[in-house]
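Each remark here refers to the structure printed beneath this line.
The values are calculated or read from the model by the stated rules, or taken from the named source; none is laboratory data. Given the structure is predicted, the values throughout are model-derived calculations rather than measurements. Every residue, glycine among them, receives a Cβ derived from its backbone with ideal geometry; neighbour counts consider all protein chains shown.
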Amino acid sequence: MANWAQHMLNILRPARASTPSEQLKKGRWLCGSCDQEHGWPFDLAANAPDPWPHAPEYEPNGALRMDGDFLSEDFCVLNGEHFFIRCILTIPVHGMDDHFGFGCWSTLSRQNFEKYIEGFDSSRPSQEELWSGWLCNRWAAFDGNETIGVWVQLRPGRQRPLLWVMDDDHPLAVAQEHGIGADRMMEIFACYGHGPIAG
């Protein structure tokens with residue numbers, strides 16, 4: 001009789017809402033902003049470098065201009081003086097097979113920008129050493145207004161370059177090196193309006 005009563009209690013008891021961490025580890029969560037179900041891996045991206053003063057309307061890569069202002073999905077030129085490329089900054093997430101990727105923009109010198117353009121369609125990177133740049137998108141999840149220096153690592157086959165924070169003590173560099181927990185990952189999604197519905 002006691003077993004039957006316990007069985008009925010388990011059926012009638014409301015299911016405990018899963019925590020954000022549990023939802024991420026299950027690989028799916030219902031977004032609290034757009035009411036859509038998101039799945040892992042789920043990356044975020046900035047449409048343009050933060051200094052870009054216009055609406056982020058893309059032109060074809062092949063229409064690249066080195067003077068004035070230009071923005072495509074992969075290249076950006078500002079005032080014919082500042083040059084940017086779209087990259088990916090990755091962070092491991094504890095307990096997850098795939099890394100989180102933030103699509104963001106980095107500066108390059110004009111010389112390196114031109115080298116990057118020349119080798120863009122090549123199956124091999126145009127350089128083996130790391131290039132230096134500045135991260136040009138601020139992360140709401142990592143407070144601070146300081147300019148962040150990055151290493152730009154090219155990859156073959158039109159894969160977007162990887163970014164590595166230069167300052168090993170910066171919180172973003174620590175996250176890249178040691179990873180973040182699932183709860184912290186969900187906090188980052190919430191900063192950008194893609195956190196789960198609160199249980």
Legend entry - Filtered residues of the range 76-90 (kept if within 30 Å of GLY181 (Cβ to Cβ), buried (at least 20 other Cβ atoms within 10 Å of the Cβ) and touching a helix residue (DSSP H, G or I) at 6+ places or on another chain (Cβ under 9 Å)): LEU89
Inset, instruction - Output yes when any residue across the range 57-72 is at pLDDT below 90 and more than 18 Å from the chain's Cα centre (by Cα), and no when none is. - result: no
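Scan the range 143-165 residue by residue and report those that are assigned to a loop (DSSP other than H, G, I, E, B) and buried (at least 16 other Cβ atoms within 10 Å of the Cβ).
Listed by number, the residues that qualify are ILE148, LEU154, ARG160, PRO161.
Sort out which residues of the range 154-173 are without any contact (Cβ under 8 Å) to a residue 24 or more places away in the chain and under 15 Å from TRP134 (Cβ atoms), and write them in order of number. Walk me through it before giving the result.
Filtering the range 154-173 down to residues without any contact (Cβ under 8 Å) to a residue 24 or more places away in the chain leaves 159, 167-170, 173.
Once the filter is applied, which keeps residues that are without any contact (Cβ under 8 Å) to a residue 24 or more places away in the chain and under 15 Å from TRP134 (Cβ atoms), the range 154-173 yields ASP167, HIS170, ALA173.
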Inset, instruction - Determine which member of the set ARG138, ARG184 is at pLDDT below 90, farther than 15 Å from ASP43 by Cβ and part of a loop (DSSP other than H, G, I, E, B). - result: ARG138
